[in-house]
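The numbers here are math on the coordinates, done by the rules we state, and not lab data. All values reported here derive from a predicted model rather than from experimental measurement. Neighbour counts run over all protein chains shown; Cβ positions are idealised from the backbone, glycine included.
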Amino acid sequence: MPPSERLVAGLNEQVGREFAAAHQYVAIGAYYEAQTFPQLAQFFYEQAEEERKHAMKMVNYLLESGGRIELSEVPAPRGTFEDHVEPIQVALEQERANTVGIGKLFEAARETRDHASEVFLQWFVEEQVEEEAEMESLLQVAERVREFPMMVEEFIARDGGTLGGARGPASG
């Protein structure tokens with residue numbers, strides 16, 4: 001049984017948000033690369049790939065469950081920033097918006113008693129907890145060392161991309 005029309009429409013909207021997030025993360029990565037922050041650039045390029053994978057996971061679910069695919073236009077990302085902290089703030093706001101979107105999808109699945117979609121979306125609910133925690137940790141570090149931006153580079157290099165345990169051993 002395909003997901004409800006409401007859920008299909010919501011998933012298509014979320015696919016657009018995920019691709020837009022990927023696009024924005026590429027722009028942030030390019031900004032950092034141009035500013036000679038290779039660790040931050042690599043971190044955001046990897047985030048972009050992760051967001052693209054999230055979108056494709058949703059596309060595949062729609063195809064497998066009999067839903068229709070309606071890809072939307074992806075808006076141009078923001079590419080200029082005041083300083084090295086602002087792109088991280090933009091990323092955190094984007095993650096928070098994605099969390100709201102995922103929450104609405106989960107509610108739609110629950111309200112329509114679409115158990116398969118609810119199980120599918122549970123992974124995204126958990127993923128968003130990690131995504132927000134990771135960006136919040138990175139933002140805290142960047143704000144603490146605002147006057148010494150290279151310390152963010154050192155933090156990422158030393159921490160191995162886990163950002164203070166936001167993706168520790170339990171998150172696998």
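From the residues in segment 55-69 that are surrounded by fewer than 17 Cβ atoms within 10 Å (Cβ to Cβ) and touching an Asp or Glu at 6+ places or on another chain (Cβ under 9 Å), which one is nearest to D114 (Cα to Cα)? Give the steps one after another, and end with the answer.
Start the filter on segment 55-69 by keeping residues that are surrounded by fewer than 17 Cβ atoms within 10 Å (Cβ to Cβ), which leaves 56-57, 60, 63-64, 66, 68-69.
Of the ones still in play, those that are also touching an Asp or Glu at 6+ places or on another chain (Cβ under 9 Å) are 56-57.
Details: M56: 21, K57: 18 Å.
Applying the filter and picking the extreme gives K57.
Could you say which residue among E107, E95, E82, E70 is out of contact with any helix residue (DSSP H, G or I) (no Cβ under 9 Å at 6 or more places or on another chain) and either touching a residue at least 40 places away in the same chain (Cβ under 8 Å) or under 26 Å from E143 (Cβ atoms) (or both)? Break it down into steps so the answer makes sense when it comes.
Values: E107 fails: either touching a residue at least 40 places away in the same chain (Cβ under 8 Å) or under 26 Å from E143 (Cβ atoms) (or both); E95 fails: out of contact with any helix residue (DSSP H, G or I) (no Cβ under 9 Å at 6 or more places or on another chain); E70 fails: out of contact with any helix residue (DSSP H, G or I) (no Cβ under 9 Å at 6 or more places or on another chain).
Answer to the check: E82.
Which of the residues belonging to segment 24-53 are crowded, with 17+ Cβ neighbours inside 10 Å, touching a residue at least 40 places away in the same chain (Cβ under 8 Å) and part of a helix (DSSP H, G or I)?
Q24, Y25, V26, A27, I28, Y31, Y32, Q39, L40, F43, F44, Q47
Please tell me if G67 is small (G, A, S), closer than 22 Å to P3 by Cβ and not in a helix (DSSP H, G or I). Steps first, please.
Values: small (G, A, S): yes; closer than 22 Å to P3 by Cβ: yes; not in a helix (DSSP H, G or I): yes.
Criteria met by G67.
When V145 is evaluated against the numbered criteria (1) out of contact with any helix residue (DSSP H, G or I) (no Cβ under 7 Å at 6 or more places or on another chain); (2) within 17 Å of E82 (Cα to Cα), which criterion, by number, is the only one it fails?
Unmet for V145, out of (1) out of contact with any helix residue (DSSP H, G or I) (no Cβ under 7 Å at 6 or more places or on another chain); (2) within 17 Å of E82 (Cα to Cα): (1).
Test of understanding: among V15, V74, V8, which residue is surrounded by 19 or more Cβ atoms within 10 Å (Cβ to Cβ) and under 18 Å from the mean Cα position of the chain (by Cα)?
Values: V74 fails: surrounded by 19 or more Cβ atoms within 10 Å (Cβ to Cβ); V8 fails: under 18 Å from the mean Cα position of the chain (by Cα).
Criteria check complete, one pass: V15.
Conditions: (1) within 30 Å of A157 (Cα to Cα); (2) surrounded by 13 or more Cβ atoms within 10 Å (Cβ to Cβ); (3) among the hydrophobic types (A, V, I, L, M, F, W, C). W123 meets all but one. Number of the miss?
Here W123 meets the rest and fails (2).
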